[in-house]
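Engineer: Quick one: the structure is below, and I'll ask about it shortly.
The values are calculated or read from the model by the stated rules, or taken from the named source; none is laboratory data. Treat the numbers as computed from the prediction; the structure is a model and nothing was measured. Quick reminder, even Gly has a Cβ in these numbers, built from the backbone with ideal geometry, and neighbours come from all protein chains shown. With ligands, DNA and RNA removed, areas are computed over all heavy atoms of the protein, side chains included. Shrake-Rupley method; radii C 1.70, N 1.55, O 1.52, S 1.80 Å.
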Protein chains: 2
Amino acid sequence: MAASKDPRPCSIADTLALVGEKYSLLVLREVCLGNGRFDQLVRNIGAPRDILATRLKRLVEAGILAKKMYSERPQRFEYRPTAAGLELESVLMTLMAWGDRHLRRDDDRPMVIEHNCGKPLLPVVTCSVCGDEVRHEDLTAHPQAPGWTVSGPAAP
Amino acid sequence: MAASKDPRPCSIADTLALVGEKYSLLVLREVCLGNGRFDQLVRNIGAPRDILATRLKRLVEAGILAKKMYSERPQRFEYRPTAAGLELESVLMTLMAWGDRHLRRDDDRPMVIEHNCGKPLLPVVTCSVCGDEVRHEDLTAHPQAPGWTVSGPAAP
DNA sequence: GGCGAGAGTTGGATTTTCCAACTCATAGAG
DNA sequence: CTCTATGAGTTGGAAAATCCAACTCTCGCC
């Protein structure tokens, strides 16, 4: 899914080129939960089997998943996240947090993640230097490559 | 983009149903940078104009963007993020961080975001309760709704 | 020998995307 | 006043992706 026509160089776009296609991030969700078998994926995600097969190939190529044999005879496989794949879990967590906040009435969350501090996880994106929560108004974009113009931060 | 066939209830899936289609998150990127005009979006994203028009309608409907008039005669519009849209910026930051880490050699990042603490932003997802960085092995999933089975955390 | 599970493939119908060209309103140049 | 340009989209048809049900192939088990 390369973003067509001479777009800006951008790590967001490049990452989405790998995981931005329909179902890809849901595959990662399942795989992070330990549900890495083909038929589990089909059932839990509700994706067509052929599309799923395509996505899995792509994610393995990209080094986000690894295909592991869990039974030799009969040959059976399972997909697991690589280290790089696990790092994408933070994307899933922020997506889930947003959905829980904006798409659901109160506390009917379909899933709660428990952090090992003992509390339900409410993930927050912070600056690794100062530790503060990242807020739009505290950010300034500095394009490093040609092709970028920034009109100044957007206010709602 | 509803994930077909009776899938699991899931806030990740629901959020992706709104912003998971091709170009949608890139639109959000541009709009967060303040580049909210139609032709800017076309140029910076490299998306077909008709698709972009469709995405914009959807994002406005979803309450992620708002369409504002910035000139009455001639009538000219601009898209801006709503508060909910701005909250999705954390997703963009985590995607960018992943791409910078895994898809680029060293320090040729196409864009550096400066945090108002004065340093280049390196975003980290943390637990809002204990403040620790969120790592896969510290998480336990607790399904709240039917349709979920979890095989236990996945190891790479 | 037949049944069933797991992990995919295959072929054809349906949807989306893509692309270039077109519209429409207005502003400014000559 | 005509001509060109700009912004913000629409339109129509070709090309690509998706969806779906059915099929394959390999074993293990009763």
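Engineer: Give A:Arg76, A:Arg8, A:Arg55 a once-over and let me know the one that is open to solvent by 50 Å² or more (accessible area, probe 1.4 Å) and either more than 9 Å from chain B (Cβ to nearest Cβ) or touching a residue at least 40 places away in the same chain (Cβ under 8 Å) (or both).
Structural biologist: Result: A:Arg76 is the single residue among A:Arg76, A:Arg8, A:Arg55 that is open to solvent by 50 Å² or more (accessible area, probe 1.4 Å) and either more than 9 Å from chain B (Cβ to nearest Cβ) or touching a residue at least 40 places away in the same chain (Cβ under 8 Å) (or both).
Engineer: How about the range B:58-73: which of its residues are surrounded by fewer than 17 Cβ atoms within 10 Å (Cβ to Cβ) and in contact with a helix residue (DSSP H, G or I) (Cβ under 6 Å, 6 or more places away or on another chain)?
Structural biologist: B:Gly63, B:Lys67
Engineer: Can you work out which of the residues in the range B:107-148 that are at pLDDT below 95 and more than 7 Å from every other protein chain (Cβ to nearest Cβ) is surrounded by the most Cβ atoms within 10 Å (Cβ to Cβ)?
Structural biologist: The extreme case among them is B:Gly147.
Engineer: Just checking, does the range A:80-97 include any residue being assigned to a strand (DSSP E or B) and either within 16 Å of DNA strand C (Cβ to nearest atom) or in the same structural domain as A:Thr126 (by TED's automatic domain parsing) (or both)?
Structural biologist: The answer is yes; a qualifying residue exists.
Engineer: Of all residues in the range A:15-57, which are of a type in the set (D, E, K, R) and within 12 Å of DNA strand D (Cβ to nearest atom)?
Structural biologist: Matches in the range A:15-57: A:Glu21, A:Lys22, A:Asp39, A:Arg49, A:Asp50, A:Arg55, A:Lys57.
Engineer: What's the number of the only condition in (1) farther than 25 Å from A:Thr140 by Cβ; (2) in contact (Cβ under 8 Å) with a residue 40 or more places away in the chain; (3) at the interface with another protein chain (Cβ under 9 Å from one of its Cβ atoms); (4) within 16 Å of DNA strand C (Cβ to nearest atom) that B:Leu25 fails to meet?
Structural biologist: (1)
Engineer: Have a look at B:Ala83, B:Ala13 and point out the one that is over 26 Å from A:Ala84 (Cβ atoms) and modelled with pLDDT of 95 or more.
Structural biologist: B:Ala83
Engineer: Which of the following residues is in contact with a Ser or Thr (Cβ under 8 Å, 6 or more places away or on another chain) and free of Cβ contacts under 8 Å to residues at least 40 places away in the same chain: A:Val150, A:Val134, A:Val129?
Structural biologist: A:Val134
Engineer: Do you know which of the residues in the range B:28-41 that are within 18 Å of the chain's Cα centre (by Cα) and free of Cβ contacts under 8 Å to residues at least 12 places away in the same chain is surrounded by the most Cβ atoms within 10 Å (Cβ to Cβ)?
Structural biologist: Checked the range B:28-41; the qualifying residue surrounded by the most Cβ atoms within 10 Å (Cβ to Cβ) is B:Asn35.
Engineer: Quick check on the range B:54-63. Is at least one of its residues at pLDDT 95 or above, within 10 Å of DNA strand C (Cβ to nearest atom) and over 17 Å from the mean Cα position of the chain (by Cα)?
Structural biologist: Looking for residues that are at pLDDT 95 or above, within 10 Å of DNA strand C (Cβ to nearest atom) and over 17 Å from the mean Cα position of the chain (by Cα), one finds at least one in the range B:54-63, hence yes.
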